[in-house]
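J.: A single structure is presented below for examination.
The values are calculated or read from the model by the stated rules, or taken from the named source; none is laboratory data. Keep in mind that what you see is a predicted model, and the values were worked out from it rather than measured. Cβ sites come from the backbone with ideal geometry, for glycine too, and all protein chains shown count toward neighbours.
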């Protein structure tokens, strides 16, 4: 499948039609590139403060080198930095993007709620963060969810590009395979690969891939030497939420990741 990128400002309707047919689409111009750069700049401010506090004299070429250096000294740093940057006001600015609300309204999400916005940083050559094929079934309080993954910096295939099984959302909710050994739940390839094979989609900085919750997707291991930076924003519907009707099967059935 050839990668198609739709300009949000010029081809929104075409992009949405593509999404409805395939369970995903890729937009450009959803976010201002300056806002993405400011986000990275603020993260670097935090990291630089840690380096200064530790009196580190080494010279680094970029933010990734700084973070990798600190994480090698103490692996717990990676986790704590992740938790800290989720609180950045600049993340909230991305989440309140009017273009995202325009899209979800168009998809008949009557009362949009934002769920777990994230700035994700996937370290190079860390197998433990590899995400097996999955769909967004785990811990769902709703029956429909749409989410957006934006490349804060370029994401190449080598860095662990997003993969999608086009049209697989038509299979509906699939009972996932659970693996306590991996601490993950995932979709067995036998259930979709023959009819809906996986396709890989590298993203340029600022490109946003919108994915249906039932579309089978994942990401590969980052085999580069740099961090893979992305932003994830999910929307659910307060008017379509069994959780509020005290029907708990949507979010209590599985306890693993994925």
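J.: Looking at 193, 185, which one is at pLDDT below 85, crowded, with 17+ Cβ neighbours inside 10 Å and within 21 Å of residue 164 (Cα to Cα)? I'd like the intermediate steps shown before the answer.
T.: Numbers: 193 fails: crowded, with 17+ Cβ neighbours inside 10 Å.
Testing whether each residue is at pLDDT below 85, crowded, with 17+ Cβ neighbours inside 10 Å and within 21 Å of residue 164 (Cα to Cα) leaves just 185.
J.: While we're here: Can you tell me which condition residue 85 does not meet? The list is (1) touching a strand residue (DSSP E or B) at 6+ places or on another chain (Cβ under 7 Å); (2) more than 30 Å from residue 166 (Cα to Cα); (3) loosely packed, with under 13 Cβ neighbours inside 10 Å, and all the others hold.
T.: Looking at each condition in turn, residue 85 falls short on (3).
J.: Within the stretch 15-43, count every residue that is more than 21 Å from residue 152 (Cα to Cα) and either touching a residue at least 40 places away in the same chain (Cβ under 8 Å) or out of contact with any strand residue (DSSP E or B) (no Cβ under 6 Å at 6 or more places or on another chain) (or both). Working first, answer last.
T.: Filtering the stretch 15-43 for residues more than 21 Å from residue 152 (Cα to Cα) gives 16-23.
Add one more test, that the residue is either touching a residue at least 40 places away in the same chain (Cβ under 8 Å) or out of contact with any strand residue (DSSP E or B) (no Cβ under 6 Å at 6 or more places or on another chain) (or both), and what stays is 16-17, 19-23.
So the count comes out to 7.
J.: Please work out which one of (1) at pLDDT below 90; (2) farther than 20 Å from residue 19 by Cα is the condition residue 67 fails and give its number.
T.: (1)
J.: So residue 173 fits all but one of (1) within 16 Å of residue 1 (Cα to Cα); (2) assigned to a loop (DSSP other than H, G, I, E, B); what number is the exception?
T.: The number of the failed condition is (1).
J.: Given the structure, is residue 46 farther than 20 Å from residue 159 by Cβ and out of contact with any strand residue (DSSP E or B) (no Cβ under 7 Å at 6 or more places or on another chain)?
T.: Numbers: farther than 20 Å from residue 159 by Cβ: yes; out of contact with any strand residue (DSSP E or B) (no Cβ under 7 Å at 6 or more places or on another chain): yes.
Yes: the conditions hold for residue 46.
To keep it simple, each residue is scored yes or no on (1) over 19 Å from residue 117 (Cα atoms); (2) part of a loop (DSSP other than H, G, I, E, B).
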position: 3; (1), (2): yes, yes
position: 16; (1), (2): yes, no
position: 44; (1), (2): yes, no
position: 47; (1), (2): yes, no
position: 72; (1), (2): yes, no
position: 80; (1), (2): no, no
position: 92; (1), (2): no, no
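J.: Just a yes or no: is a residue in the stretch 61-70 over 18 Å from residue 118 (Cβ atoms) and assigned to a loop (DSSP other than H, G, I, E, B)?
T.: yes
J.: So, one more: Given the condition surrounded by fewer than 17 Cβ atoms within 10 Å (Cβ to Cβ), under 30 Å from residue 98 (Cα atoms) and modelled with pLDDT of 90 or more, answer yes or no: does some residue in the stretch 232-247 qualify?
T.: yes
J.: Here's a follow-up. From (1) at pLDDT 90 or above; (2) surrounded by 20 or more Cβ atoms within 10 Å (Cβ to Cβ); (3) farther than 18 Å from residue 119 by Cα, pick out the condition that doesn't hold for residue 208.
T.: Answer for residue 208: the failing condition is (3).
J.: Quick one: residue 134 ticks every box in (1) modelled with pLDDT of 85 or more; (2) within 13 Å of the chain's Cα centre (by Cα); (3) closer than 16 Å to residue 209 by Cβ bar one, so which box is it?
T.: The one condition residue 134 does not meet is (1).
J.: Sticking with this one: Has the stretch 107-124 got any residue that is within 18 Å of residue 22 (Cβ to Cβ), within 17 Å of the chain's Cα centre (by Cα), modelled with pLDDT of 85 or more and in a strand (DSSP E or B)?
T.: no
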